[in-house]
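Asks: For reference, the structure I am asking about is given below.
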Amino acid sequence: MSSTDPLATEELIVKSRPTKNFFVSMLTRDIELKDAILDLLDNCVDGIHRQTTNLETEKPYENFWAKITATPDCFEIEDNCGGIPLDIAINKAFMLGRPADYQETHTDIHTVGMYGIGMKRAIFKIGKECFVYSNPAKEDKPFCVTISRDWMSNDEWDLPINFVTATKDGYGTKITIRHLNDSIRSNFSTESSTFLDELAGSISQFYAVILEKGFSVELNGDSITGATLSLLDNSSALESKIEPYIFKGEINQVQVEMSIGFRTRLKSERETDAENEQARSSEDAGITVICNDRVVLFNDKSYLTGWGRGNVPKYHTQFISISGFVNFRSGELYNLPLTTTKRGLDTDNRAYVYALDYMMEGIKKFVDFTNKWKGREEETNVMFEASTPARYDAPIKRAEAAKTFSAIRKHSGDGAAQRYSPKLPLPEEKNPKKRVTYSRLKSEIDELTFHLYPGIPDVSPSDIGNKSFDICLEMAKREQKA
Ligand SMILES: Nc1ncnc2c1ncn2[C@@H]1O[C@H](COP(=O)(O)OP(=O)(O)O)[C@@H](O)[C@H]1O
Ligand SMILES: [Mg+2]
């Protein structure tokens, strides 16, 4: 190399850092405001998971709350879910993306946070100035991280953190966003937008399980009730009754549990037509898919949950009473059937593919029942009266306790898989057919054939049997009339 070679004499550097502007605009481009806010709520739930290890109890989220205040001037989300630990705040929470070497000490937590981006993306989406206040459990000092309006446009990446005096009782986090972006402000005004109602609806559906299990969420002072998650169950000793189909199995470190059944009595065609007119007919029907307590699909009626696949018919209002729940749980988040956005179902996922066969088996059972009673729905009312709504997981617990599960011998999962397939009541045929069989001498059959079908070839013995029965019945009827 000659000494005049510029590359050898002078070391030049090419700038390749991302610009903040790029980050902020790219990150927020593809996320809807609603999903950004749900990301913040997911973090509250993650906070609970960090402290509560036993999620198997009836109400593991009891006494935990999140309060969202959204007005055109300010957005705030406050929770009592344990706060952001100082170490996590300093080393991880405000990084854009998960640092490669950062390992949270508590690994077996069933959190839904995955990519280390949700909180920042939501903040950038909503406004230009933000204060993240946290009073973490197990630390003595509350702190506040400030993202200033300047930071959004300057070249500095680190953020200031200050210890502050506690502004509220209990351990938790409060994220306050000011100087809201112009495109966001109108969404937070009830006069100009229905956004807040839609947000409440989404929280009610996507957090249905978490709300049912005790969590409380307020939006502008109104507490949100979770969507219904129940199925008709009957715990009596009756052999044939209305109760759900249940499946339990495991694959790839994911536990799969499902209950599929009826949420309400069968509706006659006239009734479903009437409900259709009110456009609320099928809202409550369908299959709900849950991952680590977070609803991923709510009342789905598409091929994703088995409708219109194999021998399962497509969803139709006739099946308005069918409902079901498929629950995936895992400490290994990446094994769950979640898409990268966390909001969709990953249909290539092993646990999903495994569960799908059983979803179809369960749906088919109740489709068949509905078809068999078609036109006679009222006759089934009394059977439905004997069953009462139970939380979606109660029939599974009941089957476990009563040991009514039966093992599935051949399946593609790991370990043991079991199911309970109920014996649903079948309609009694009002005028069933019965079989008449008898033997006679061939010579006698030939004689009768010659008498009934003279000159006609290929008359079978059963033709003769049918014909003679018909003649005899005809005679009997005539005599009765006379
Ligand atoms: N409300 C909260 N309560 C407790 N921890 C929180 C809260 N909000 C954020 N965090 C912490 O900040 C981290 C970063 O959040 P986020 O950007 O949403 O990424 P992710 O949830 O994917 O890790 C979370 O992992 C969590 O440790
Ligand atoms: Mg998150």
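Asks: Rank these for me by crowding, LEU159, LEU232, LEU426, going from fewest to most other beta carbons within 10 Å. Don't skip to the end; give the middle numbers.
Replies: Numbers: LEU159 15, LEU232 23, LEU426 11.
Ascending Cβ contact count within 10 Å gives the list LEU426, LEU159, LEU232.
Asks: Shifting gears a bit: Most exposed first by the Cβ proxy, i.e. fewest other Cβ within 10 Å, how do HIS316, HIS49 rank?
Replies: Final ranking by Cβ density, sparse to dense: HIS316, HIS49.
Asks: Right, something else. Which length gain, in nm to one decimal place, applies between SER412 and SER235 when the Cα-Cα distance is subtracted from 0.36 nm times their residue separation?
Replies: Stretched fully, the SER412-SER235 segment lengthens by 60.7 nm.
Asks: Another one. Would you tally the net charge around VAL459, using a Cβ to Cβ cut-off of less than 11 Å, leaving VAL459 out, and scoring K and R as +1, D and E as -1?
Replies: -2
Asks: In debye to the nearest 20, how big a dipole does segment 231-420 give about its Cα centre with +1 on each Lys and Arg Cβ and -1 on each Asp and Glu Cβ? Spell out each step's value before the answer.
Replies: Values: 27 positive and 27 negative charges, 76 e Å.
Taking the Cα centre of segment 231-420 as origin, the dipole is about 360 debye.
Asks: Another question, then. Ordered by packing density, taken as the mean number of other Cβ atoms within 10 Å over each peptide's residues, highest first, how do 119-126, 234-241 rank?
Replies: 119-126, 234-241
Asks: Still on this structure, I have one more. Can you tell me how the chain classifies by the Cα gyration tensor, rounded, prolate or oblate, using a/c under 1.5 as the rounded cut?
Replies: In terms of gyration-tensor shape, prolate.
Asks: Okay, moving on. Where a ≥ b ≥ c are the square roots of the eigenvalues of the C-alpha gyration tensor, would you call segment 231-420 rounded, which needs a/c under 1.5, or, failing that, prolate if a/b is larger than b/c, or oblate? Could the numbers behind the result be given before it?
Replies: On the way: a/c = 2.00, a/b = 1.36, b/c = 1.48.
Here segment 231-420 falls in the oblate category.
Asks: A further question on this structure: I'd like to verify something in the chain: which complete DSSP H helices, judged by Cα projection on the helix axis, reach 20 Å or more and average at least -1.0 on the Kyte-Doolittle scale?
Replies: Counting only whole DSSP H runs, the qualifying helices are 33-51, 350-372, 461-481.
Asks: If you don't mind, another one. Counting each DSSP H run of 4 or more residues in the chain as -39500 (n - 2.57), what helix-only mean residue ellipticity at 222 nm follows after dividing by all residues, to the nearest 500 deg cm²/dmol?
Replies: About -9000 deg cm²/dmol.
Asks: For segment 442-481, what does the alpha-carbon gyration tensor say about shape, rounded, prolate or oblate, given a ≥ b ≥ c as the root eigenvalues, a/c under 1.5 as rounded, and a/b over b/c as prolate?
Replies: Details: a/c = 2.65, a/b = 2.54, b/c = 1.04.
Prolate, since a/c reaches 1.5 and a/b exceeds b/c.
Asks: Shifting gears a bit: Just want the answer: with Cβ charges of +1 for Lys and Arg and -1 for Asp and Glu, which residue in ILE246, SER230, ILE88 is farthest toward the dipole's positive end in the chain?
Replies: So the residue we want is ILE246.
Asks: Of the options SER387, PHE163, GLY375, report the single residue whose Cα projects farthest towards the positive end of the charge dipole of the chain (beta-carbon charges: Lys, Arg +1; Asp, Glu -1).
Replies: Positive-most Cα among the choices belongs to GLY375.
Asks: Now for a separate question. Using the Cα centre of the chain as the reference point, and only Cβ charges (+1 on K/R, -1 on D/E), how large is the resulting charge dipole? Debye, rounded to the nearest 20.
Replies: Dipole of the chain, to the nearest 20 debye: 1320 debye.
Asks: Multiplying the sequence separation of ASP458 and GLU283 by 0.36 nm and subtracting their Cα-Cα distance, what value in nm do you get?
Replies: Separation in residues times 0.36 nm, less the Cα-Cα distance, equals 57.1 nm.
Asks: Which of CYS472, CYS74, CYS144 has the fewest other C-beta atoms within 10 Å, and how do the rest follow up to the most?
Replies: Final ranking by Cβ density, sparse to dense: CYS472, CYS74, CYS144.
Asks: Still on this structure, I have one more. Show me 427-435, 163-171, 92-100 ranked by packing, highest mean number of other Cβ atoms within 10 Å first.
Replies: Listed from highest to lowest mean packing, they are 92-100, 163-171, 427-435.
Asks: Give the residue list of GluC sites (Glu not before Pro) in segment 126-169 that are DSSP loop and have at most 14 other beta-carbon atoms within 10 angstrom.
Replies: Here the GluC sites (Glu not before Pro) that fit, given the DSSP loop and packing criteria, are GLU156.
Asks: Compute the FRET efficiency between SER183 and ASN220 as 1/(1 + (r/R0)^6), taking r as their Cβ-Cβ distance and R0 = 22 Å, and round to the nearest 0.05.
Replies: Given R0 = 22 Å and the Cβ-Cβ separation, E is 0.65.
Asks: Shifting gears a bit: Applying 1/(1 + (r/R0)^6) with R0 = 22 Å to the Cβ-Cβ distance of THR71 and ALA166, what FRET efficiency is obtained, to the nearest 0.05?
Replies: E(calc), rounded to 0.05, equals 0.30.
Just so you know, all these numbers are worked out from the coordinates, no wet-lab data involved. If you're wondering where the values come from, they're calculated on a predicted model, not measured in any experiment. Here Cβ is always computed from backbone atoms with ideal geometry, including for glycine, and neighbour counts include all displayed protein chains.
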